[in-house]
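Notes to accompany the following structure.
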Amino acid sequence: MPHLVILYTRNLDSETDMTALCRSLADSMLAVKDEQGKAVFPSGGVRVLAYPAAHSAVADSQRDYAFAYLNLRMARGRSEAAKRNAGEAITAAVQAHFAPVLARRPLGLTFQIDEGTEVFDAKIGNLHPLFSKT
């Protein structure tokens with residue numbers, strides 16, 4: 001049951017290939033190994049689904065911001081190292097995919113892994129610094 005769901009602002013559809021992201025993330029999940037070199041996720045169980053939000057509001061209304069939330073839900077039983085390997089592999093794939101978008105526009109990305117309770121939480125993006133007080 002390794003299901004990765006992506007919820008994103010519709011404005012990303014014109015800026016990146018979400019189908020390619022889904023394939024890249026599925027391939028990344030399939031490549032993750034545990035400490036013994038065994039696949040962490042079964043090929044037949046890997047699912048990556050992306051849904052654009054019909055309506056959204058991100059941050060203030062001063063600019064056209066974008067956001068994507070990625071959540072991987074997995075069954076219990078994997079080692080901490082296997083979960084960390086999965087988190088790092090998926091984070092790397094997300095960063096690589098969205099690098100061109102991050103270079104040209106404000107974008108917030110959040111990726112979490114849930115196993116009953118949250119086991120990994122990465123936030124990637126250049127949106128928060130726009131609102132930090134210095």
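Residue under question is Gly44, and the condition is that it be outside any strand (DSSP E or B), more than 21 Å from Thr16 (Cβ to Cβ), open to solvent by 70 Å² or more (accessible area, probe 1.4 Å) and of a type outside the set (D, E, K, R); does it hold?
Details: outside any strand (DSSP E or B): yes; more than 21 Å from Thr16 (Cβ to Cβ): yes; open to solvent by 70 Å² or more (accessible area, probe 1.4 Å): no; of a type outside the set (D, E, K, R): yes.
Answer is no for this residue.
Scanning the stretch 25-41 for residues that are open to solvent by 40 Å² or more (accessible area, probe 1.4 Å) and either of a type in the set (S, T, N, Q) or at positive phi (or both) yields Gln36, Gly37.
Against the numbered list (1) touching a helix residue (DSSP H, G or I) at 6+ places or on another chain (Cβ under 9 Å); (2) closer than 25 Å to Ser14 by Cα, Val119 comes up short only at (2).
Number of residues in the stretch 59-77 that are touching an Asp or Glu at 6+ places or on another chain (Cβ under 9 Å), assigned to a loop (DSSP other than H, G, I, E, B) and surrounded by 14 or more Cβ atoms within 10 Å (Cβ to Cβ) equals 1. Residue count for the stretch 105-126 under the criterion of being more than 16 Å from the chain's Cα centre (by Cα) and in contact (Cβ under 8 Å) with a residue 12 or more places away in the chain: the result is 3. Pairing each residue of the stretch 42-67 that is among the charged types (D, E, K, R) with any residue that is open to solvent by 60 Å² or more (accessible area, probe 1.4 Å) and assigned to a strand (DSSP E or B), provided the two are 6+ apart or on different chains, yields C-beta distances under 8 Å for Arg47/His3.
Here Ala86 fulfils each of the conditions (1) over 19 Å from Leu7 (Cβ atoms); (2) open to solvent by 40 Å² or more (accessible area, probe 1.4 Å) apart from (2).
The values are calculated or read from the model by the stated rules, or taken from the named source; none is laboratory data. None of the values given here were measured: they were computed from a predicted structure. Here Cβ is always computed from backbone atoms with ideal geometry, including for glycine, and neighbour counts include all displayed protein chains. Accessible surface is based on the protein model in full, side chains and every heavy atom, while ligands, DNA and RNA are left aside. Shrake-Rupley method; radii C 1.70, N 1.55, O 1.52, S 1.80 Å.
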